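Visitor: The structure is given below, and queries will be raised subsequently.
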Amino acid sequence: MQRCFTNIMSADVSETSQFYEFLLGMTRQFSADWFISLVHPDRDGMELGIIQRDHPIVPEALRGRPSGVMLTFVVADCDDVHTKAEAMGAEIVEPPRDMPYGQRRMLLRDPEVRLWISAHKRYRQRHKVAVCLVSRS
């Protein structure tokens, strides 16, 4: 295998890309009106594709709203992500809170209504933060 990354479908690839660029610091590696490839400038191999849901290369059977999807990102601080999400008017489902299993977590939705779970370890390395994106079923 030479490369592996996830493509998420979106009705508005530019809006969805801007969401990930702002919250996670990702940058555009490739950009077209129907597809955008994002990478993280500080982390090799961190790549996310955003493809227009109704583009002809997407089979019609797959063009519906996303469901059953969970993406996990590791970021520096979920409180920082929360602040940025508030500033951009993202739907915050649950603000950051400490969890009994030793993480700090927050929930929010991206423009395609996928649910994010953002968490970082409270007890040890506070700089490790898992951000998960989960779709509605």
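Visitor: Sort GLU112, GLU47 so the one with the fewest other Cβ atoms within 10 Å of its own Cβ comes first.
Guide: On the way: GLU112 21, GLU47 17.
Ranked by crowding around the Cβ, least crowded first: GLU47, GLU112.
Visitor: Further question: Give me ASP79, ASP98 ranked fewest to most by other Cβ atoms within 10 Å of their Cβ, as a rough exposure proxy. Mind dumping the intermediate values first?
Guide: Values: ASP79 15, ASP98 12.
Going from least to most buried by this count: ASP98, ASP79.
Quick note: the coordinates plus some simple rules give every number you see, no bench work behind them. Worth saying up front: this structure is predicted, and the values here are computed from it rather than measured. For neighbour counting, all protein chains shown are included, and Cβ atoms are generated from backbone atoms with ideal geometry for every residue, glycine included.
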